Each structure stands twice: as structure tokens, then as C-alpha cells.
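Reading through the C-alpha cells given below for one structure.
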Amino acid sequence: QVQLVESGGGLVQAGGSLRLSCAVSGRTFSSYAMGWFRQAPGKEREFVGAIARSGRDTYYSDSVKGRFTISRDNVKNAMYLQMNSLKPEDTAVYYCAAHFLVTAILQAEYDYWGQGTQVTVST
């Protein structure tokens, strides 16, 4: 069993920054591609970004490109989402997810999910 726990969410002013963390345990972390998703109230969960097993290849949705950066530490078994230039429309619950070997962007393809962490961006 793979377990994922997000942390680092909170309240931040527009234009500010937050760094989310996803701690992974249970199996070999480096065997999994990782992804970030988010869900705002009343909206569908959407893809934010993903990172390959090695950490070399990353993918982002158009709405966050140039502002968000995904990274991973395969020694600490953790994935991170650095969020800069935050906008009110970034307000959502952010989820980390794990997919065995191959990087994916579809929710249905992911094998494991965290519980989510709330990010609120104020004006």
C-alpha cells in the first residue's frame, strides 16, 4: 500500500507564494510518477502538473505554466509544488497522486491519492 499526505496549504495574499509538500510511504517512491490536481468548490477536479520518476520531465496545465514548479526528492520520498504569483482563481483543495512508472495526466489513471490540502488566495 502506498500512502500520500499533503501539507503546506494555507491562506496567502494574491501575488504571494506557497510551497506544498507530499510525503509518500509504503513502497519505492522512485517507481512512481507523481501528479498534482486541484478542486475548487463547485468545480471538477483538474490537472495541475505531473513529474516523471526521475524528476527530469515535468508537465503543467496552461493555467499554471510559468508560475508553478513541481519537483521531487527520491531520497526524502517527497514531492513538492512551488506556487508563485498566486491568483484568487488558484483557490482550491490540492491533491497529490501517484501513478506506477508512467507519467499520467488523467485522474482515472492514478493509483493512489492523498487527502488534500486547502489553498486560499485572498485579494
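The values are calculated or read from the model by the stated rules, or taken from the named source; none is laboratory data. It should be emphasised that the depicted structure is a prediction, and the values quoted were computed from it without experimental measurement. Using ideal geometry, Cβ is built from the backbone for each residue, glycine included, and neighbour counts are taken over all protein chains shown. With ligands, DNA and RNA removed, areas are computed over all heavy atoms of the protein, side chains included. Shrake-Rupley method; radii C 1.70, N 1.55, O 1.52, S 1.80 Å.
Provide the per-residue ³J(HN,Hα) series for region 31-43, in order, calculated from phi with Karplus coefficients 6.51, -1.76, 1.60 and θ = phi - 60°, each as a whole number of Hz, with x at glycine and proline positions.
With the stated coefficients, region 31-43 comes to 7, 10, 6, 10, x, 10, 10, 9, 9, 8, x, x, 10 Hz.
Taking all protein chains as present, what is the carbon and sulfur share of the accessible area of the chain, in % to the nearest whole number, probe 1.4 Å?
Solvent-exposed carbon and sulfur of the chain make up 47 percent of the total.
Under the rule that an exposed site lies in a DSSP loop and has at most 13 other Cβ atoms within 10 Å, name the longest stretch of the chain with no trypsin sites (Lys or Arg not before Pro) of that kind, not counting the sites themselves.
Result for the longest clean stretch: 77-123.
If you average the sequence gap of Cα pairs under 8 Å that are 6 or more apart and divide by the length of the chain, what percent do you get for the contact order?
36
When the chain is treated as a GNM, springs tying every alpha-carbon pair under 10 Å, which of S17, S71, S63 comes out with the largest mean-square fluctuation?
Comparing S17, S71, S63 in a Gaussian network model of the chain, the most mobile one is S63.
Over what distance in Å are the Cα centres of region 84-98 and region 19-54 separated?
One Cα centre to the other: 11 Å.
Quick check for you: with a 1.4 Å probe and neighbouring chains kept, what is the accessible area per residue of the chain, in Å²?
52
Ranked from the most accessible area to the least, with a 1.4 Å probe and all protein chains present, what is the order of V24, V75?
V75, V24
Would you mind classifying region 48-123 by shape? Square roots of the alpha carbon gyration tensor eigenvalues, ordered a ≥ b ≥ c; an a/c under 1.5 is rounded, otherwise it is prolate if a/b is larger than b/c and oblate if not.
Note, shape of region 48-123 comes out prolate.
If you filter region 1-110 for GluC sites (Glu not before Pro), then keep DSSP loop positions with at most 15 other Cβ within 10 Å, what is left?
Those that pass, being in a loop and sparsely packed, are E44.
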